[in-house]
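Participant: So that we are looking at the same thing, I have put the structure below in structure tokens.
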Amino acid sequence: MKSIRYIMVWIMLFFVMGNEQVHAEKEVMYSPISFDLQMLLWDEAKEVIPNKKIFTVIDMETGLSFNVQRRAGSQHADVQPLTKKDTKIMKKIYNGEWSWKRRAAILIVGDQMIAGSMHGMPHGAGALENDFPGHFCIHFPGSTTHKSRNTDRAHQLMVLKAAGKLDEYAELATPIQLIQLLNVAINQQDMGMMNLAVSKSKHNAKLVKALKHIDSFILDKSQLEQFENIDAMVLVEMPIKVKMTVKGKETKTKTIHFVVRRNGLNSRWVIDSESFYKQVK
């Protein structure tokens with residue numbers, strides 16, 4: 001029931017704001033929308049949004065929506081805002097500045113709602129008269145980057161967020177997955193995601209404030225992988241090198257001791273927020 005109410009809120013936002021924010025020089029008509037929010041694998045999604053398909057993107061955080069057209073993309077969807085007005089709306093979502101940061105999004109395609117993840121950086125070629133210098137990308141479960149042909153963890157987690165499944169992921173996450181979740185949360189400046197990864201304590205508000213000043217947080221993957229086969233039952237400490245860039249300061253490499261714990265075998269893992277805050281403040 002909670003997930004249905006969550007979806008209904010976004011449907012209402014879509015209809016309330018649709019006339020003011022979406023329709024620009026070209027009107028796009030849609031059939032009635034079902035209440036079934038889908039997570040489609042890329043092989044399925046690319047059939048629903050073939051090249052030249054026009055659809056609507058709703059940003060999960062702000063509720064703002066804009067129209068786009070898919071123009072290319074073999075491993076994920078390369079899309080462009082449909083009009084100049086759509087470009088303005090998209091830039092507003094990113095606080096007036098283009099950014100590579102991933103954001104959870106719901107796509108309205110005909111009468112379907114599909115979970116996706118977008119970034120906000122124009123790149124490559126563009127073909128529409130929309131004041132958008134290039135295209136941007138939308139990812140789905142199983143989609144990959146064009147260069148590496150690997151899935152992008154940040155995009156994949158944002159898809160889960162769009163689908164309302166991020167809480168469930170965090171509940172079942174291993175200690176390593178929680179650290180990766182926290183890593184994505186910091187780099188994408190998603191404090192809601194951060195709160196899913198760490199324990200609740202009096203330091204959480206201060207931790208949020210400290211993390212908002214971090215521009216980049218890069219884990220040493222080889223060190224993280226050394227802990228893949230840990231058999232800890234309720235507590236594990238993982239020292240991992242991190243390259244961290246704080247706004248206005250040089251990038252520094254330091255070892256963060258991630259303390260990950262749980263209250264019992266039937267409880268979920270969390271990263272100890274007090275210990276983490278003392279190391280990044």
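Bear in mind that the values in this text are calculations on the coordinates, not laboratory data. In this text the structure is predicted, and so the values were computed from the model without any measurement. With ideal geometry, Cβ positions are generated from the backbone for all residues, glycine too; neighbour counts draw on all protein chains shown.
Participant: If you take the beta carbon distance between Glu129 and Glu97 as r and set R0 to 22 Å, what does 1/(1 + (r/R0)^6) give as a FRET efficiency, to the nearest 0.05? Let's see the in-between values first.
Facilitator: On the way: r = 22 Å, r/R0 = 1.01.
In this case the efficiency is close to 0.50.
Participant: Taking the Cβ-Cβ separation of Gln279 and Lys52 as r and a Förster radius of 51 Å, what is the calculated FRET efficiency to the nearest 0.05?
Facilitator: Taking R0 as 51 Å, the efficiency between Gln279 and Lys52 is 0.55.
Participant: How big is the dipole moment of segment 169-281 about its Cα centre under a simple scheme where the beta carbon of each Lys and Arg is +1, that of each Asp and Glu is -1, and everything else is neutral? Debye, nearest 20, please.
Facilitator: Dipole size: approximately 620 debye.
Participant: Right, something else. Among Phe55, Phe276, which comes first, then next, by fewest other beta-carbon atoms within 10 Å?
Facilitator: With the fewest neighbours first, Phe55, Phe276 line up as Phe55, Phe276.
Participant: Listed highest first by mean packing, meaning other Cβ atoms within 10 Å per residue, what order do 159-172, 257-270, 134-147, 74-87 come in? Mind dumping the intermediate values first?
Facilitator: Values: 159-172: 18.1, 257-270: 15.4, 134-147: 19.9, 74-87: 22.1.
With the highest mean Cβ count within 10 Å placed first, the list reads 74-87, 134-147, 159-172, 257-270.
Participant: Which of these values of semi-axes √(5λ) of the Cα gyration tensor in Å was calculated from the structure shown: (i) 29, 24, 18; (ii) 35, 20, 18; (iii) 36, 25, 20?
Facilitator: Comparing each candidate, only (ii) matches the computed number.
Participant: Need one number: nm distance between label points at Ser216 and Glu44, each 7 Å from Cα along Cα→Cβ, rounded to one decimal.
Facilitator: My value for the distance between the label points is 3.7 nm.
Participant: Hey, another quick one. Which listed residue (Leu178, Met244, Asn263) has the Cα farthest towards the positive end of the charge dipole for segment 166-280, taking +1 on Lys and Arg C-beta and -1 on Asp and Glu C-beta about the Cα centre?
Facilitator: Of the candidates, Met244 comes out farthest on the positive side.
Participant: Can you tally the net charge around Arg71? Count Lys and Arg as +1, Asp and Glu as -1, for every other residue whose Cβ sits under 10 Å from the Cβ of Arg71.
Facilitator: In short, +2.
Participant: For the chain, what does -39500 (n - 2.57) per DSSP helix run (n ≥ 4), summed and divided by total residues, give at 222 nm, in deg cm²/dmol to the nearest 500?
Facilitator: Here the helix-only value at 222 nm equals -9500 deg cm²/dmol.
Participant: If the only charges are +1 at each Lys and Arg Cβ and -1 at each Asp and Glu Cβ, what is the size of the charge dipole of the chain around the Cα centre, to the nearest 20 debye? Write out the running numbers ahead of the final one.
Facilitator: Values: 38 positive and 29 negative charges, 201 e Å.
About 960 debye.
Participant: If you don't mind, another one. Note down the nm distance, to one decimal, between modelled labels 7 Å out along Cα→Cβ at Ser201 and at Ser148.
Facilitator: 3.1
Participant: Let me ask something else about it. Taking R0 as 25 Å, what FRET efficiency do you get between Met191 and Leu265 from their Cβ-Cβ distance, rounded to the nearest 0.05?
Facilitator: After rounding to 0.05, the efficiency reads 0.25.
Participant: Work out the charge dipole of segment 107-230 with +1 on the Cβ of Lys and Arg and -1 on the Cβ of Asp and Glu about the Cα centre, then indicate which of Asn130, Phe227, Thr151 is farthest towards its positive end.
Facilitator: The residue sitting most towards the positive pole is Phe227.
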